[in-house]
Amino acid sequence: MIKEENGVWRSWNDNLVYNYKNLYKITTEEELQDVISKTDKIRFFGTKQSSADIAAGVDSLIDISEFNNILGYNDAERTITVQSGMILGDMLEAIEAKGWCIPCLPDINTITIGGALATGTHGTSGKMLCEYMTSCRLVLADGSIKEVKASDALMDAVRVSLGVLGVMSTITFACEPIYTLHIKEGPEDDSEWLPKIKERLKKHDFLRILWLPHTDKGYVITGDKIDPNTEVKEDLGPKYLKHRRSASKILYKYTHVFPWITAIANKLLYKGFFSSTKEHKGSLYQATVTKSRGSTLELAEWTIALDKFPTVFNELKTEINKWSNKSFIHIPMDVRFVYKDNSWLSYAYKADTVTMGCVSRNAATADTYEAFKSIEKIFLKHGGKPHWGKRFMAKDQELGKVYDKWEDFKSLRNTLDPTNKLLNPYLTQLFNKN
Ligand SMILES: Cc1cc2nc3c(=O)[nH]c(=O)nc-3n(C[C@H](O)[C@H](O)[C@H](O)COP(=O)(O)OP(=O)(O)OC[C@H]3O[C@@H](n4cnc5c(N)ncnc54)[C@H](O)[C@@H]3O)c2cc1C
């Protein structure tokens, strides 16, 4: 284990910066146990890509990203067991080589498995990533190990637990046979895609809508399972489409000073990058997950029961189209779908759910991005839940109203970590432990 002293911790987009006294780079479960048991206050991190202030902010930190091996496969049960610091993309490449997949993936492959699970990472048209976890070894605040299996009552609390019940050490995932998707993409008016959501969720294996605020358009992406040998005439559109993110960055450069420029920029971005159709095929991972991003950004994301989404969407659209407010929103707002589960802090606890992202391409000026405040206000009003890894202001009082199991989770956390060893200042406020 390598130990570094008195350094500076920075999140990937530099929005969170903390001094630390001790940084432990662990590579084994024993080292993880040892450090946790001997430290009074500690947090741990993966690739630091969360916008929420949940990964650092205390004197002692554990970098888990070098605890990243595949421990084994069970071919009969189609499972893989990995160390929690493994990068998601590396695990996905490994299971694809076995002819397997996890059928619901986020649009990022550079995050760690532990970070992804802790924050309730999800994809679209399926269950949350954590629902594919069949067991894990959890290092508790006292350094002991608790093995949690899918059949244990504790699993519903552990699946999404922000790293406050313990640190996930090794994790086993259930995989499914790999499949090929025929992807079709194209723009649609809001009046067309919004009423078709339920019908499309039944019809397609994959559905994602990139909503383009201030244009009245969405960019609809559908995917249907096909035989891998089916011929699909690949049409990825003009070559310049790959410059969309760089073009956005330039067009949005001064939107923190003149927010209204966003409305004009969005219309240009729609015309340049979202007005044509595309068609291609590939595995869920190869065809739908972004593999590289040229620059950083800042994210919020809110979730709401599927049945309430049209109301919330229309209210949000009306609000941000008022020129009197400054909530101009960068492209795109990512609309995705998560099917119901039983995990206590899941966005989809007992209800099929829609998630709606909100991005600022100017990470450094995110504090002044009014859109984050408007989306939070409207979603909270309707009982929406924030993404745990992204930016939001809500704390204990508000979260208690939207999570049925919030108090149960808090009391379990109190039992497992009675000295609040695993809370940083942000998490202390979140759980009202001041
Ligand atoms: C560009 C981008 C795209 C994204 N796309 C999606 C998406 O499509 N869907 C989605 O749902 N989210 C998405 N996210 C959010 C992302 O999945 C989460 O923020 C995730 O937590 C980042 O992983 P990380 O390794 O960087 O974790 P970190 O930010 O380093 O840590 C996050 C949290 O996990 C805890 N943690 C880390 N390791 C462990 C462990 N082993 N055991 C317990 N707790 C642990 C940390 O203490 C911290 O509280 C995206 C984020 C970005 C920046």
Fill in: The lone exception for SER50 - which of (1) open to solvent by less than 50 Å² (accessible area, probe 1.4 Å); (2) of a type in the set (Ser, Thr, Tyr); (3) part of a strand (DSSP E or B) it fails
(3)
Worksheet item: Does THR428 meet the test of being within 14 Å of the ligand (Cβ to nearest atom), farther than 23 Å from ILE111 by Cβ and assigned to a helix (DSSP H, G or I)?
Response: yes
Worksheet entry | Output for the stretch 347-371, where each listed residue is of a type in the set (Phe, Trp, Tyr), out of contact with any Gly (no Cβ under 7 Å at 6 or more places or on another chain) and modelled with pLDDT of 95 or more | TYR349
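Is it the case that the stretch 381-390 has a residue that's at positive phi, in contact with a helix residue (DSSP H, G or I) (Cβ under 8 Å, 6 or more places away or on another chain) and open to solvent by 10 Å² or more (accessible area, probe 1.4 Å)?
Yes, some residue in the stretch 381-390 is at positive phi, in contact with a helix residue (DSSP H, G or I) (Cβ under 8 Å, 6 or more places away or on another chain) and open to solvent by 10 Å² or more (accessible area, probe 1.4 Å).
Within the stretch 162-189, how many residues turn out to be closer than 16 Å to THR222 by Cα, buried (at least 17 other Cβ atoms within 10 Å of the Cβ) and not basic (Lys, Arg)? Reasoning before the result, please.
First pass over the stretch 162-189, keeping only residues closer than 16 Å to THR222 by Cα: 179-189.
Those left that are additionally buried (at least 17 other Cβ atoms within 10 Å of the Cβ): 180-185, 187.
From what's left, not basic (Lys, Arg): 180-183, 185, 187.
Looking only at that region, the number is 6.
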Response to the item:
Among GLY120, GLY143, GLY163, the single one that is in a loop (DSSP other than H, G, I, E, B), touching a Ser or Thr at 6+ places or on another chain (Cβ under 8 Å) and within 12 Å of the ligand (Cβ to nearest atom) is GLY120
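What helices (runs of 4 or more DSSP H) completely inside the stretch 247-366 contain at least 2 residues that are open to solvent by 40 Å² or more (accessible area, probe 1.4 Å)?
Numbers: elements: 261-269, 284-288, 309-320.
Filter on the stretch 247-366 gives 261-269, 309-320.
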Practice prompt. Within the stretch 76-83, identify whether any single residue is within 13 Å of the ligand (Cβ to nearest atom) and either in contact with a His (Cβ under 8 Å, 6 or more places away or on another chain) or open to solvent by less than 30 Å² (accessible area, probe 1.4 Å) (or both), and answer yes or no.
Written response: yes
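Listed here are the residues, each with its yes/no results for (1) more than 25 Å from the chain's Cα centre (by Cα); (2) over 23 Å from TRP388 (Cβ atoms); (3) not assigned by TED's automatic domain parsing to the domain that holds GLY163.
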position	(1), (2), (3)
ARG10	no, no, yes
ASN15	no, no, yes
GLU29	yes, yes, yes
ASP34	yes, yes, yes
LYS41	yes, no, yes
GLY46	no, no, yes
VAL58	no, no, yes
Worksheet item: Among (1) away from the ligand (no atom under 16 Å from the Cβ); (2) over 18 Å from ASP334 (Cα atoms); (3) not polar (S, T, N, Q), which single condition is ARG413 missing?
Response: (1)
Discussion item. Conditions first: (1) of a type in the set (Phe, Trp, Tyr); (2) in a loop (DSSP other than H, G, I, E, B); (3) under 30 Å from ASP224 (Cα atoms). PHE67 passes all but one, so which condition is the exception?
Written reply: (3)
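The values are calculated or read from the model by the stated rules, or taken from the named source; none is laboratory data. None of the values given here were measured: they were computed from a predicted structure. No Cβ is skipped: glycine too gets one built from the backbone with ideal geometry, and neighbour counts run over all protein chains shown. Ligands, DNA and RNA are excluded from the accessible area calculation, which covers all protein heavy atoms including side chains. Shrake-Rupley method; radii C 1.70, N 1.55, O 1.52, S 1.80 Å.
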